[in-house]
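The values are calculated or read from the model by the stated rules, or taken from the named source; none is laboratory data. Small disclaimer: the values here were computed from a predicted structure and weren't measured. When we count neighbours, we look across all protein chains shown, and the Cβ atoms used for this are built from the backbone with ideal geometry, even at glycine.
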Amino acid sequence: MPQKGGATPPSTRFRRTDADGGLRICIVLVVLSLVMFTASVREGDGPGVFTTARGAWMTITTPIRWVGGAVTAPFQGLGNIFANLTADQERLSELKAENERLVARNAELEESEQTARRLESLLGLQSLYNLQSTGARIISGSTDSWSSTVTIDKGTAAGIAVGMPVTDSNGAIGQIIRCGAASSTVRLVTDENSSVSAMVQSSRAQGVLRGSVDGTLHLTLVRTDQNVEVGDTVVTSGLGGVFPKGLPLGTVTSVERTSGALYYDIEVEPLSSTESFEEVLVITSLTEDQKPTAEEVAQADKQDSASSGAKSTKSDDSSDSNDSGDGSAEQTDESAGGDGTEDESEDQSQDEG
Amino acid sequence: MQVKDSNRNRRDFLTLAAICLVLQVAVAPNIALGNGRANFGLVFAGVASLLVGGQFGVFCGFLAGLIFDLSTTGPIGLMSFLLTIGSYVVGIEARNRIADDFVGSMRQFAQMAFIVSLAYHVAMFLVGEATSVMDVVLLRTLPTFALTLLGFAPFAYVISHATGSALTLGGKPSKSARSHGSRYDLGNL
């Protein structure tokens with residue numbers, strides 16, 4: 001044991017109260033962590049102790065997130081201003097203060113103008129699609145590097161529930177995967193584990209839009225005998241039963257057809273970009289005209305059954321499910337338009353809860 | 001004269017914890033490098049284990065990991081598991097390394113941060129959250145590691161250059177303090 005004293009090197013002067021260097025408590029906490037990890041994985045997104053604890057934590061930290069979003073939001077668009085202010089400081093010294101004030105004021109007004117435009121667009125979208133929805137505001141991005149999520153400032157207290165789709169003024173952006181009392185987490189369509197039933201607007205070719213780690217979207221399961229062109233708009237098909245039909249998702253940027261492949265490899269650029277303090281709509285319920293018609297479901301069935309060799313693969317993927325990613329979902333309806341994966345069922349049961 | 005001020009030590013560590021918590025919840029989500037985001041839980045665990053180590057470091061690592069887990073969408077317990085082990089390994093050697101050896105402590109924290117980040121993302125990969133190991137390493141682990149290291153540097157710099165704070169644990173004490181052999185002691189923490 002090191003002795004405290006003048007001649008002893010600084011790094012060895014500190015009294016150790018734990019003779020084993022913390023080994024015992026380390027073992028206890030490691031075991032506790034493993035137990036929590038196992039229980040948490042088994043619990044999944046369903047109701048339970050960890051979900052409750054996480055919801056409570058989200059509620060507690062919502063004000064901090066809100067402040068953080070407010071503080072960092074102005075810096076997202078002011079990077080160039082600081083660079084420009086470094087030019088010829090001597091001549092501009094007396095104008096600098098005035099310039100800064102005007103720049104700040106201008107940025108503030110531009111932000112207000114953009115906010116007004118977004119709100120108008122949201123209202124337009126709400127009116128155009130007759131959406132039953134609640135407005136909310138993004139207050140934070142993803143906390144970890146693993147998932148593409150945003151946090152919005154509305155929770156169960158505002159009638160938000162797990163599974164509800166979320167849109168901004170450009171179109172669908174994601175789906176609620178977790179709810180606290182005053183905030184909710186939205187998994188974005190660009191998340192690697194997200195998949196949304198989608199179709200090419202012009203040709204009505206149906207597929208599944210998947211997110212990826214690099215932020216691009218891929219429209220999969222579109223058969224090569226369908227017509228898809230670069231520049232086509234991709235919209236929700238409504239077949240998953242979560243998103244309303246016809247909401248814009250993105251624009252086709254490349255279409256590749258590999259020799260012998262059954263499906264195109266289509267890359268889609270998302271229409272929406274999510275930034276802090278932007279307004280979004282949470283769609284609380286779907287009306288009948290937002291759901292796919294029997295004809296569209298039959299068409300999807302027909303498209304699906306045309307390539308029977310790939311049917312099982314497609315049936316596994318065809319759903320609006322962006323809240324699991326564990327690959328354990330089971331399809332209750334094997335058609336391409338089949339509603340309700342296991343994940344969805346869980347979500348809906350949570351909604352009811 | 002031996003100076004013992006465990007209340008001040010606790011207060012300073014609580015302040016550090018509060019700063020890291022606010023940074024983790026409010027700032028980290030809004031500053032990203034690719035898919036990576038800074039892990040201030042890891043920063044706090046690193047500071048605690050490099051300064052004090054032992055039981056205290058291990059406990060801080062566990063709590064920091066637990067709070068990180070609660071803030072994310074991943075499984076609860078994974079980061080607390082990794083930070084508990086990481087804090088134990090880093091804190092098992094001599095204490096007060098930030099003040100004694102700034103570069104060495106940065107190097108050691110970098111190793112800890114890289115291993116913890118890599119292990120976390122590989123574990124998430126193993127539970128089926130990704131399909132490509134290269135994506136896990138290049139697009140998630142490395143940006144997270146870089147931002148976390150960047151987040152740790154100011155704390156390490158301030159602690160290594162500050163005098164009089166309990167967090168310095170006597171690092172670079174004043175001449176008068178040195179002549180009297182004055183040192184803070186975190187042994188009671």
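Is it the case that region B:46-64 has a residue that's under 18 Å from A:Met58 (Cβ atoms), of a type in the set (S, T, N, Q) and not in a loop (DSSP other than H, G, I, E, B)?
Within region B:46-64, not a single residue is under 18 Å from A:Met58 (Cβ atoms), of a type in the set (S, T, N, Q) and not in a loop (DSSP other than H, G, I, E, B).
Checking A:Val213 against (1) touching a strand residue (DSSP E or B) at 6+ places or on another chain (Cβ under 7 Å); (2) of a type in the set (Val, Ile, Thr); (3) modelled with pLDDT under 90, only one condition comes out false. Which one?
With respect to (1) touching a strand residue (DSSP E or B) at 6+ places or on another chain (Cβ under 7 Å); (2) of a type in the set (Val, Ile, Thr); (3) modelled with pLDDT under 90, A:Val213 is out only on (1).
Could you identify the single residue in A:Ser169, A:Ser184, A:Ser202 that is within 14 Å of another protein chain (Cβ to nearest Cβ) and hydroxyl-bearing (Ser, Thr, Tyr)? Show your work before the answer.
Working: A:Ser169 fails: within 14 Å of another protein chain (Cβ to nearest Cβ); A:Ser202 fails: within 14 Å of another protein chain (Cβ to nearest Cβ).
The match here is A:Ser184.
Considering only residues that are more than 7 Å from every other protein chain (Cβ to nearest Cβ) and either touching a Lys or Arg at 6+ places or on another chain (Cβ under 7 Å) or modelled with pLDDT of 90 or more (or both), look in region B:54-64 and name the one that is surrounded by the fewest Cβ atoms within 10 Å (Cβ to Cβ). I'd like the intermediate steps shown before the answer.
In the first step, residues of region B:54-64 are kept if they are more than 7 Å from every other protein chain (Cβ to nearest Cβ); the result is B:56, B:60-61, B:63-64.
If we keep only those that are either touching a Lys or Arg at 6+ places or on another chain (Cβ under 7 Å) or modelled with pLDDT of 90 or more (or both) as well, we get B:60-61, B:63-64.
Details: B:Cys60: 29, B:Gly61: 35, B:Leu63: 19, B:Ala64: 29.
If we take residues in region B:54-64 being more than 7 Å from every other protein chain (Cβ to nearest Cβ) and either touching a Lys or Arg at 6+ places or on another chain (Cβ under 7 Å) or modelled with pLDDT of 90 or more (or both), then B:Leu63 is surrounded by the fewest Cβ atoms within 10 Å (Cβ to Cβ).
Report yes if some residue within region A:131-141 is among the hydroxyl-bearing types (Ser, Thr, Tyr), at negative phi, surrounded by 24 or more Cβ atoms within 10 Å (Cβ to Cβ) and touching a residue at least 40 places away in the same chain (Cβ under 8 Å); otherwise report no. Step through it out loud before you land on a result.
At the first step, the residues of region A:131-141 found to be among the hydroxyl-bearing types (Ser, Thr, Tyr) are A:133-134, A:140.
Then drop every residue that is not at negative phi, which leaves A:133-134, A:140.
Keeping just the survivors that are surrounded by 24 or more Cβ atoms within 10 Å (Cβ to Cβ) gives A:140.
Filter once more, so that each one left must be touching a residue at least 40 places away in the same chain (Cβ under 8 Å): A:140.
Yes, that holds for at least one residue.
Conditions first: (1) more than 12 Å from chain B (Cβ to nearest Cβ); (2) surrounded by fewer than 24 Cβ atoms within 10 Å (Cβ to Cβ); (3) not polar (S, T, N, Q). A:Asp214 passes all but one, so which condition is the exception?
Condition (1) is where A:Asp214 drops out.
For A:Thr151, work out the one condition from (1) in contact with a strand residue (DSSP E or B) (Cβ under 8 Å, 6 or more places away or on another chain); (2) away from every other protein chain (no Cβ under 14 Å) it doesn't fulfil.
Exception for A:Thr151: condition (2).
May I ask you to say which residue of A:Ala261, A:Ala205 is modelled with pLDDT under 85 and over 20 Å from the mean Cα position of the chain (by Cα)?
On the way: A:Ala205 fails: modelled with pLDDT under 85.
Just one listed residue meets the conditions, A:Ala261.
Please verify whether B:Asn35 is surrounded by 18 or more Cβ atoms within 10 Å (Cβ to Cβ), modelled with pLDDT under 90 and within 24 Å of A:Trp146 (Cβ to Cβ), treating the condition exactly as stated.
Numbers: surrounded by 18 or more Cβ atoms within 10 Å (Cβ to Cβ): yes; modelled with pLDDT under 90: yes; within 24 Å of A:Trp146 (Cβ to Cβ): yes.
It is true that B:Asn35 is surrounded by 18 or more Cβ atoms within 10 Å (Cβ to Cβ), modelled with pLDDT under 90 and within 24 Å of A:Trp146 (Cβ to Cβ).
For every residue, the table says whether it meets (1) crowded, with 20+ Cβ neighbours inside 10 Å; (2) in contact (Cβ under 8 Å) with a residue 12 or more places away in the chain; (3) closer than 20 Å to B:Ala28 by Cβ; (4) more than 10 Å from chain A (Cβ to nearest Cβ).
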| site | (1), (2), (3), (4) |
| --- | --- |
| B:Ser117 | yes, yes, yes, no |
| B:Val127 | no, yes, no, no |
| B:Ala130 | yes, no, no, no |
| B:Met134 | no, no, no, no |
| B:Thr141 | yes, yes, yes, no |
| B:Leu147 | yes, yes, yes, no |
| B:Phe152 | yes, yes, yes, yes |
| B:Ala156 | yes, yes, yes, yes |
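Report yes if some residue within region A:230-237 is closer than 23 Å to A:Val162 by Cβ, buried (at least 18 other Cβ atoms within 10 Å of the Cβ), at pLDDT 85 or above and in contact with a helix residue (DSSP H, G or I) (Cβ under 8 Å, 6 or more places away or on another chain); otherwise report no.
Let us first name the residues in region A:230-237 that are closer than 23 Å to A:Val162 by Cβ, namely A:236-237.
Among the residues that remain, those that are also buried (at least 18 other Cβ atoms within 10 Å of the Cβ) are: A:236-237.
Now drop any that are not at pLDDT 85 or above, which leaves A:236-237.
The next check asks that each one be in contact with a helix residue (DSSP H, G or I) (Cβ under 8 Å, 6 or more places away or on another chain); those that pass are A:237.
Yes, the conditions are met somewhere in region A:230-237.
B:Leu82 passes all but one of (1) within 23 Å of A:Leu23 (Cβ to Cβ); (2) buried (at least 19 other Cβ atoms within 10 Å of the Cβ); (3) more than 10 Å from every other protein chain (Cβ to nearest Cβ); which number fails?
So B:Leu82 meets the others, but not (3).
Pick out, from region A:1-108, the helices (runs of 4 or more DSSP H) lying fully within it that include 1 or more residues that are more than 9 Å from chain B (Cβ to nearest Cβ) and modelled with pLDDT of 75 or more. Walk me through it before giving the result.
Working: elements: A:23-43, A:49-72, A:79-84.
The qualifying helices (runs of 4 or more DSSP H) are A:23-43, A:49-72.
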